[in-house]
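Q: Right, I'll just put the structure down here and ask away after.
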Amino acid sequence: VYFPSNLFSETEDADYCTTCLDDFAKKEGIVNQKKILCFFSTSCEYCLLAGKNMEVISRKAKTNKEILYVLWKSNKETKQFLKETNSTNFNHQEMFVVDFINLTKGKMPLIILYNKGKVEHAFHYSDINEKIILDFIGKE
């Protein structure tokens with residue numbers, strides 16, 4: 001299921017809710033960390049493909065420690081999603097549906113390169129850039 005891009009948006013060009021992301025980072029204690037935040041629905045075919053892509057990227061980078069899957073638990077179970085994406089060894093957590101939709105504004109998958117309180121880049125499925133992600137992983 002892929003929501004129309006402006007269904008939950010305040011403005012048509014808003015990629016995600018920055019306030020929601022800030023609240024999430026504070027709650028999870030990652031404000032001073034470098035993370036690749038992957039917001040995936042477990043029943044979204046594009047999220048599944050993006051998850052597979054992130055697994056390939058992590059193999060190329062030889063690390064997955066910075067990657068955090070934040071999953072909207074839906075029709076498929078989390079274990080099944082992680083198995084299908086070969087990501088069972090990735091850090092992951094589930095998020096309440098309402099919080100997930102508020103943060104992503106209904107656009108998923110959403111991959112955010114988060115570096116100590118700042119968003120360096122955000123991707124949706126069609127614009128995932130392996131080189132930018134690999135450069136982010138390799139950067140101190």
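The values are calculated or read from the model by the stated rules, or taken from the named source; none is laboratory data. Everything numeric here is computed off the predicted structure, so don't read it as measured data. Because the Cβ atoms are built from the backbone with ideal geometry, glycine has one as well, and the counts that use them run over all protein chains shown. Remember, those area values only see protein heavy atoms, side chains included, never the ligands or the DNA or RNA. Shrake-Rupley method; radii C 1.70, N 1.55, O 1.52, S 1.80 Å.
Q: Note down the accessible area of Val98, probe 1.4 Å, to the nearest 10 Å².
A: The accessible area comes out at roughly 100 Å².
Q: Ignoring any ligand, DNA or RNA, what whole percent of the accessible area of segment 16-140 comes from carbon and sulfur when the probe is 1.4 angstrom?
A: Within segment 16-140, the accessible surface is 48 percent carbon and sulfur.
Q: Please get the size of the charge dipole for segment 29-140, origin at its Cα centre, with Cβ charges of +1 on Lys and Arg and -1 on Asp and Glu, quoted in debye to the nearest 20.
A: Its charge dipole is roughly 220 debye.
Q: Once both labels are modelled 7 Å past Cα along the beta-carbon direction, what's the Glu120-Asn86 spacing in nm?
A: Placing both labels 7 Å along Cα→Cβ, they lie 2.4 nm apart.
Q: OK, next. List the cysteines in the chain whose Cβ has no other cysteine Cβ under 4.7 Å from it.
A: When partners are defined as cysteine Cβ atoms under 4.7 Å apart, the chain leaves Cys38 without one.
Q: A further question on this structure: Across the chain, what fraction of all alpha-carbon pairs, as a whole percent, falls in each successive 5 Å bin from zero upward?
A: Histogramming the chain at 5 Å steps yields 2, 10, 22, 25, 22, 14, 4, 0 percent.
Q: While we're on this one: Based on a Kirkwood Rh over C-alpha pairs, give the Stokes-Einstein translational diffusion coefficient of segment 25-90 at 10 °C and viscosity 1.306 mPa s in µm²/s.
A: Approximately 130 µm²/s, per Stokes-Einstein.
Q: For the chain, what is the accessible area per residue in Å² when the probe is 1.4 Å?
A: Averaged over the residues of the chain, the accessible area is 54 Å².
Q: Shifting gears a bit: Express in Å², to the nearest 10, the accessible area of Met95 obtained by rolling a 1.4 Å probe over the protein heavy atoms while all chains stay in place.
A: 30 Å²
Q: Right, something else. If you take the beta carbon distance between Lys27 and Asp127 as r and set R0 to 35 Å, what does 1/(1 + (r/R0)^6) give as a FRET efficiency, to the nearest 0.05?
A: Given R0 = 35 Å and the Cβ-Cβ separation, E is 0.80.
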